[in-house]
Amino acid sequence: MAKITRTWWGESFLDVLSISMDEGRLKRGRAYSSPNRLLKFDINQCSIKATLRGNINHYFGVYKEPRYKAEVKLTTFSAKQWDNIIAEITHNAACLSQLLMNEMPASIEDVFAKQNLHLLPERSTDLISHCSCPDYADPCKHVAGVYYKVASLLDRDPFLLFQLRGMDVNKLQEKLALSPLGKALIDRWNDGEQPIEYHLHRYSAPQPCPLKPSTIQQFWQGKSVLPEVENSMDSPATTAVLIKKAGDYPLFWQRDNSFIEIMEIIYPRIVDKNKLAL
């Protein structure tokens, strides 16, 4: 059977389910995370709502295939608790720099622990769920299916945990960037220029040509020689920014090992080879 999750974040998220529901419902719940069962799945701020396809069961008088509505949440932190967490992060250079780079620090739970909190759910009271099915158990197998789906999303985007705990990721990064250490890091990365601005794609949108070229030669070569660009051999403050921004499991990466770990081996070789070619 294929693995639902491939990272520590996803596995840890599912651990709380094993202590919150019986093994039978947990196993049946996994099947409800598939597209065949999970018909609709929406994340709206801290809440996740889903529509799931149930089973026809003549024994219980269910002759028409049912549709169940499920909603799941995590307990959220108060504004004061988030202020304390952010203050703690701004005094931790390693965590601060990684979060500003869209990386989830491996030691992030240590920051939350200092505030007697935890980012990942650790007990059944961290989970808030409701389902329209007639099952008396809470969580039921349909809710478990939704949580399995959430766990698979955490493989690619562990920052979803911040959102489910009540903090918008963009707002968090804005507050971190305004701290003294955050400003210093951004200035270092940009050599005194504007803060880093990430784009959804690597290449900028094509700009319309203001003048129509009169000849084919002008189309390909232009009317004037382009200025020479100096090649800088200085090492960047942070290497492989675009690769790290995609995370361990970008959408195109289907293998079980980390994309970043593979590129950490390949990327330096490419850089060194290009330097030799200059």
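Quick notes on this structure:
Table: residues versus (1) modelled with pLDDT of 95 or more; (2) buried (at least 20 other Cβ atoms within 10 Å of the Cβ); (3) of a type in the set (V, I, T); (4) not assigned by TED's automatic domain parsing to the domain that holds E11.
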{"position": "A93", "(1), (2), (3), (4)": "no, no, no, yes"}
{"position": "R123", "(1), (2), (3), (4)": "no, no, no, no"}
{"position": "H130", "(1), (2), (3), (4)": "no, no, no, no"}
{"position": "C133", "(1), (2), (3), (4)": "no, no, no, no"}
{"position": "D138", "(1), (2), (3), (4)": "no, no, no, no"}
{"position": "K141", "(1), (2), (3), (4)": "no, yes, no, no"}
{"position": "G145", "(1), (2), (3), (4)": "no, yes, no, no"}
{"position": "A151", "(1), (2), (3), (4)": "no, yes, no, no"}
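- Residue list for the stretch 145-186, restricted to those being small (G, A, S), in a helix (DSSP H, G or I) and in contact (Cβ under 8 Å) with a residue 40 or more places away in the chain: G145, A151, S152, A177, G182
The values are calculated or read from the model by the stated rules, or taken from the named source; none is laboratory data. Everything quoted here is computed from the prediction, not taken from an experiment. Neighbour counts are summed over all protein chains in view; Cβ atoms, including those assigned to glycine, are modelled from backbone coordinates with ideal geometry.
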